[in-house]
């Protein structure tokens, strides 16, 4: 399986990681950067004020900012004079502490905004993916495993938000390091250049570990995608797999891929721990060299050395921490590009729901000389048939002949390669597709119920439908007889995929869901196959009567005799062709 985000991944560069931060609100990005800048300046002023404090502490009788003091020290004293303040020890201490507290407050505000943006970042990815999937063509879902989208929605979106937080923290540290570098330049440009050189050495030595993290993160994304996609498929068919004793073979597949995922995670953790372990001895060695140089420097006053040592430690520590956060970001960024790739693919296959003519089904839905193929395999070849209002049309034939394909064409899930589909003589291509689908009730061969109540499964929590509406639909579907006997009636949970109900009960609940919106066309794809013959015959008769009473067009895909007995038209679907068959039986038996 190829990585979902490979198409949208710009190559794993530093620029691609920074794009994560700039993928959210521009206003909030600006506010974060302003808070970080002001916080850095506030802390810089506080640290700068330490020089006059130390000067006064060392020589209390000497005025601060006298000859021999650094450019930074003189700048602080000049600023105090501008403000009408004397550079006394209490004033300077207040300035030091005030700067530190102000920086802490502004940093807290900035990171609080970052926290909000991290949550919105993950939520925005998830909502964008959901929206793109809901608008995608049916063919998109035929090509991509459901597990891929499940993984993108949960694990990959969370990892992407972690990458966002890491790069935001990295930007914060870079801002602070830049402020401290400016302070260092005002104390001693020689020592400043040395601090920058030390930071560069740290980055160079540890850069190889960042590349290891990036590769491990990419493998983690790929392996997790494969595992989740296959696990989702297995769980959907777990009953049959366990019945055939195939779980052990599948377990071997999962163990193999889990071990490969474990190897990627191990490399990622080792590279992260290596950076943390190597950082301190590297810093100690480089700071020792810097101190030896600083002692013989022309700027080597005690106050300058003390403040410069503090500043150098902060700069190099911030650079190392920034690299650590950057490493975390590159390890998780592949998840972001994977989600973006899934979104872009779904958007690229968006369904073109034209705002055409309002549909009106009063006579019939017609297929006229329709052809359709899956790749090189021809499914339908110049097929014509009619689905009339007030009648039951049955499609029968061998499995794989194209019966379900005809139903999919009628609702616009597929588009014909040739010919046309008409709704009361209006081409489906010119009809408002969404409005047409709202007029269709569809019960697929594989019924899907949610792990919720019967009521929620019938209404799908759609607005405008009451409990009485749901009850009426259950009665029409022949489901009320068993629903009324459930412990909580319509409020009884049906279990995962409806597992607490029998196959026939699930089919009848799904039929009630289709009937709830009072459709003009009802499509039933083997919708009564799980019923016993007696209940199936009764339900077929009820649907046929409903079709005649309210003018409902019914298209049933079935092999059972019960449907053939109530059919008004029967078509035999053979490979590439549709042949109308004679109908038998007296319609009077279900017309009442």
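The values are calculated or read from the model by the stated rules, or taken from the named source; none is laboratory data. This one's a predicted model, so the numbers in the text were calculated from it and none came from an experiment. Cβ placement follows ideal geometry from the backbone for every residue including glycine, while neighbour counts extend to all protein chains displayed.
Observations on the structure shown:
Yes/no per residue for (1) touching a strand residue (DSSP E or B) at 6+ places or on another chain (Cβ under 6 Å); (2) within 20 Å of residue 20 (Cβ to Cβ); (3) at pLDDT 75 or above:
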| position | (1), (2), (3) |
| --- | --- |
| 133 | no, no, yes |
| 137 | no, no, yes |
| 153 | no, yes, yes |
| 196 | no, no, no |
| 204 | no, no, no |
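- Taking region 374-394 as the range and being assigned to a strand (DSSP E or B) and surrounded by fewer than 20 Cβ atoms within 10 Å (Cβ to Cβ) as the test, the residues that pass are 374, 377, 378, 381, 382, 384, 386, 388.
- Hits in region 134-147 (condition: assigned to a helix (DSSP H, G or I) and surrounded by fewer than 20 Cβ atoms within 10 Å (Cβ to Cβ)): 134, 135, 138, 139, 140, 141, 142, 143, 146
- Filtered residues of region 498-527 (kept if more than 24 Å from residue 548 (Cα to Cα) and in contact (Cβ under 8 Å) with a residue 24 or more places away in the chain): 498, 501, 502, 503, 504, 505, 506
- Within region 429-467, considering residues that are in a helix (DSSP H, G or I) and more than 22 Å from residue 525 (Cβ to Cβ), the one nearest to the chain's Cα centre (by Cα): 456
- Any strands (runs of 3 or more DSSP E) falling wholly within region 477-592 and containing at least 1 residues that are assigned by TED's automatic domain parsing to the domain that holds residue 457, in contact with a helix residue (DSSP H, G or I) (Cβ under 6 Å, 6 or more places away or on another chain) and surrounded by 18 or more Cβ atoms within 10 Å (Cβ to Cβ): 521-525, 553-557, 569-574
- Residue within region 405-425 that is part of a strand (DSSP E or B) and surrounded by 20 or more Cβ atoms within 10 Å (Cβ to Cβ) present: yes
- Test set (1) surrounded by 15 or more Cβ atoms within 10 Å (Cβ to Cβ); (2) out of contact with any strand residue (DSSP E or B) (no Cβ under 6 Å at 6 or more places or on another chain); (3) modelled with pLDDT under 85 - residue 343 fails condition number: (3)
- Test: residue 109 is under 24 Å from residue 34 (Cβ atoms) and either outside any helix (DSSP H, G or I) or not assigned by TED's automatic domain parsing to the domain that holds residue 405 (or both): yes
- For residue 371, the criteria (1) part of a strand (DSSP E or B); (2) in contact with a helix residue (DSSP H, G or I) (Cβ under 9 Å, 6 or more places away or on another chain); (3) modelled with pLDDT under 90 hold in every case but one, which is (2).
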